[in-house]
Amino acid sequence: MKSPRSLASSRRKYGLLFCLPWLIGLSVFLAYPLCAALYYSLCDYSVLLPPVFVGFDNYLDLTKDPLFWQSLYNTAYYAAGSVLLGFVVSLTLALLLNSKVKGLGVYRTIFFLPSLMPVVASSILWLWMYNGQSGIINTGLGTLGITGPAWLADPAWAKPAIVIMAVWGAGNAMVVYLAGLQDIPTALYEAALIDGAGFFQRLFHVTIPLISPVIYFNVVLSLISGFQAFTQAFIMTGGSGAPERSTLFYVLNLYNVGFQDLRMGYASAMAWVLFVIILLVTFGATRLSKRWVTYDR
Amino acid sequence: MKGWRALPLCATACTAAWLAFGALGSLASCSRGAEPHAARHITYWEKWTGFESQAMDAVVDDFNRKEVLHAQADSSYAPIEVEKIAITNVEQKLLIAIAGGNPPDLAGNYSFYVAAYADNGALTDLGPMLAKAGVDPNAYIEHYRSLGEYRGKTWAVPIAPASIALLTNKRLFQEAGLDPDKPPTTIEELDEYAEKLTRWEVTLPNGERRIMTGYLPEVPEAQKRLIQAGFLPGDLWSYGWGYFFGGNLLIGPEQISAADPANIRGYEWIASYSKKLGVRVIKRFRSGFGNFASSQNPFLSGKVAMVLQGVWMHNFIEKYAPGLQWAAAPFPYPAGHPELAGTTSADADVLLIPKGSRHPAEAFEFVKYLTTQPALEKLCLGQQKFTPLKSVTEQFWHSHPNPYIRLFRELGMSKNAFSIPKTGIWNEYNRELSNAVDLIQNLAQTPRDALATVQTKMQSALDRNRQIRARRGAL
């Protein structure tokens, strides 16, 4: 019989062996590119020629680059706007769909479907909907007597237009909120009703505190993906961030610098800065969550 | 038990013997004998689609056929077989392929990418091969040949040149009371004609709707709808307006001249159209334009009476608006500056051999074929362009479908023909200029300020680029 120590070590050995495929994948496809990007961010690298070490020049140039700050502002605007709008829309939908109406399954499917649409296809669709002259949105506003703005051609309206597009992704969060809502014991609602609580009081004092872990989860995920927004801006403005760079998102700027100007070192520096920013935002959200997220069970 | 153990051993022995025989057999067929040589296959990435792609397909077929005939006559010759693959965004995909170490043997690209590619060591120097093949550089139109040259080396060979001119809609000229056979020759004349060719649908106070011409500054925007624009500066060649006024964007390889006063004059003229028509009016009008390659193209559908367009436009007119009566003329020059007459943007499609190409010698055979007059004339006839060669056969003039081909060619040979500045940082420069033109046309910034920003930013980008190249050279 094997001794306990050798049993433990043989278990460890087999555990590692079974983890090995995943470990190899992690190192090759995640760890190596991350470390390589960190090294390249300290170099000038055009991929076609060997890298030239420049120290922290790339990071210093970033602080002086007006496009860096503008794209950061644009991205933060979009992230904040889309998270807020997404939260309100998906929670509202989840609350509505949590009631017992006829054809509930059909409604849930209908509201979930837009989030399944590939981003490229929906971007092109929204491009047509936002057309200043003949788009469905301006035509609809016209019937109400409002002259719609030129949306994607107007620097003041281009970012809000892209934020509004985020509503189509609300289906995912809605399903998660639904699951969270159904977890709330009805006894709590009954107790609140007996105490004379109205709809909004029940919402703010029973529902939201009890689904606060789900809210935290959804908000953090939306923030992370909001900061990485690229496809919508690329498809709808042709990659230039027009009009007047109002839709130049951070990753779009990174793409232009890295893949068009072939300044991969600078682009790597931008990527690492974005990583740190998202890390800080997530950390901030986690610290805040300790205050208002309740995990009672 | 012994018998069982013998079975796998036997099987292994048989497999080994079979493999050995197979190897010997294939070796035998490789020996030089009466068997014909296998074709030398090269891949060729090209950007074109539609009729332009078909024109090059015909030339590739001719070359392949010629090679097969050569192989039939000489059994020791292995024919070269070119496989043309249509690739969208070839300028980007080619770079990625070269960086990945797996480029095509031959590629077509735009002349304005040569500088960036060459600076990054992505191209094969064609100079020695061209000299050895005896290709005469003087057979080419100077300007177009120079597009493939950068920092003293020849990196690419022009095959399909282009030039641009002012295209006018004859019927709209007649309706406005202008002579359809007399397009404007000066910028001031262009402005005058444009005003007469601008038409609005105006809603009068009594509810009646009427068509009126001119810019109608006294009518508020809410009561007028633009239905026809005389002239509308477009998105294409937006970097080039300074050149038409005698300015330029780059002096030598290391000096940005975006803030040149002549450039500022050019963009002030562009901004004047935003002022005359109204920024919101232009945006709304533009958003109703259809696809370029369709009958809803703004020029083809009569929405814009005069446009700056290229030698290829004739084909789109024939296809999507065959009844259109149109004329082409050199783009006007500012009055009092006849020395600026004949300014045009003259770039070209080029052939180049990527670094890391597996068959550079074979690829060069096809490049050499495309330096000969018959091949070039066949290609450019099919693409409805002129050739980059000085000499033209009567047959070419005779069979060319574009009635204004001589004009476009003359413009391409003009001393005022400009091309995209040869610099490795053109992508960034173009983006900055596009943004500046956006701000200028939206009347958000004056041309002086917008161009000053571009000047500062791009000069420091160019300096940075030079420093890195110097450090690389020193390593």
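The values are calculated or read from the model by the stated rules, or taken from the named source; none is laboratory data. Computed from a predicted model, the values in this text were never measured in an experiment. For neighbour counting, all protein chains shown are included, and Cβ atoms are generated from backbone atoms with ideal geometry for every residue, glycine included.
So is B:G290 within 14 Å of chain A (Cβ to nearest Cβ) and part of a loop (DSSP other than H, G, I, E, B) or not? Considered against the rule, which asks whether it is within 14 Å of chain A (Cβ to nearest Cβ) and part of a loop (DSSP other than H, G, I, E, B), B:G290 comes out as yes. A Cβ distance below 7 Å, combined with a sequence gap of six or more or placement on separate chains, defines the contacts here; from segment B:268-280, residues that are more than 14 Å from chain A (Cβ to nearest Cβ) reach residues that are among the polar types (S, T, N, Q) in the pairs B:I270/B:Q441; B:A271/B:Q441.
Scoring B:E362 on the criteria (1) more than 23 Å from the chain's Cα centre (by Cα); (2) assigned to a loop (DSSP other than H, G, I, E, B) leaves a single failure, condition (2). The residue of segment B:342-359 that is nearest to the other protein chains (Cβ to nearest Cβ), among those that are part of a loop (DSSP other than H, G, I, E, B) and among the charged types (D, E, K, R), is B:K355.
The residue that is surrounded by the most Cβ atoms within 10 Å (Cβ to Cβ), among those in segment A:39-81 that are of a type in the set (V, I, T) and within 29 Å of the chain's Cα centre (by Cα), is A:T75.
Restricting B:L443, B:L462 to those that are touching a strand residue (DSSP E or B) at 6+ places or on another chain (Cβ under 8 Å), surrounded by fewer than 21 Cβ atoms within 10 Å (Cβ to Cβ), hydrophobic (A, V, I, L, M, F, W, C) and within 14 Å of another protein chain (Cβ to nearest Cβ) reduces the list to B:L462. If you go through segment A:232-272 and keep only what is more than 12 Å from A:F68 (Cα to Cα), part of a helix (DSSP H, G or I) and more than 9 Å from chain B (Cβ to nearest Cβ), you end up with A:Q232, A:A233, A:F234, A:I235, A:M236, A:T237, A:Y255, A:G258, A:M264, A:G265, A:S268, A:W272. Answer yes or no as to whether B:T371 is touching a strand residue (DSSP E or B) at 6+ places or on another chain (Cβ under 9 Å) and over 29 Å from B:D105 (Cα atoms). Taking the combined requirement at face value, the residue does not satisfy it.
For segment B:89-143, a residue qualifies if it is touching a residue at least 12 places away in the same chain (Cβ under 8 Å), under 16 Å from B:F366 (Cβ atoms), more than 11 Å from chain A (Cβ to nearest Cβ) and not aliphatic (A, V, I, L, M), and the qualifying residues are B:P104, B:D105, B:G108, B:N109, B:T124. Considering only segment B:35-45, I want to know if a residue exists there that is touching a Leu at 6+ places or on another chain (Cβ under 6 Å), modelled with pLDDT of 85 or more and either over 30 Å from B:V367 (Cβ atoms) or small (G, A, S) (or both). The answer is no, given that none of the residues of segment B:35-45 is touching a Leu at 6+ places or on another chain (Cβ under 6 Å), modelled with pLDDT of 85 or more and either over 30 Å from B:V367 (Cβ atoms) or small (G, A, S) (or both).
Against the criterion of being in a helix (DSSP H, G or I), in contact with a strand residue (DSSP E or B) (Cβ under 9 Å, 6 or more places away or on another chain) and within 11 Å of chain A (Cβ to nearest Cβ), B:R471 qualifies.
Scanning segment A:140-164 for residues that are assigned to a helix (DSSP H, G or I) and not hydrophobic (A, V, I, L, M, F, W, C), we see that the one that is nearest to the other protein chains (Cβ to nearest Cβ) is A:G142. Going by the conditions given, is A:N218 within 14 Å of chain B (Cβ to nearest Cβ) and assigned to a helix (DSSP H, G or I)? Criteria not met by A:N218.
Scan segment B:387-412 residue by residue and report those that are touching a Gly at 6+ places or on another chain (Cβ under 9 Å) and assigned to a loop (DSSP other than H, G, I, E, B).
B:P388 - this is the single residue of segment B:387-412 that is touching a Gly at 6+ places or on another chain (Cβ under 9 Å) and assigned to a loop (DSSP other than H, G, I, E, B).
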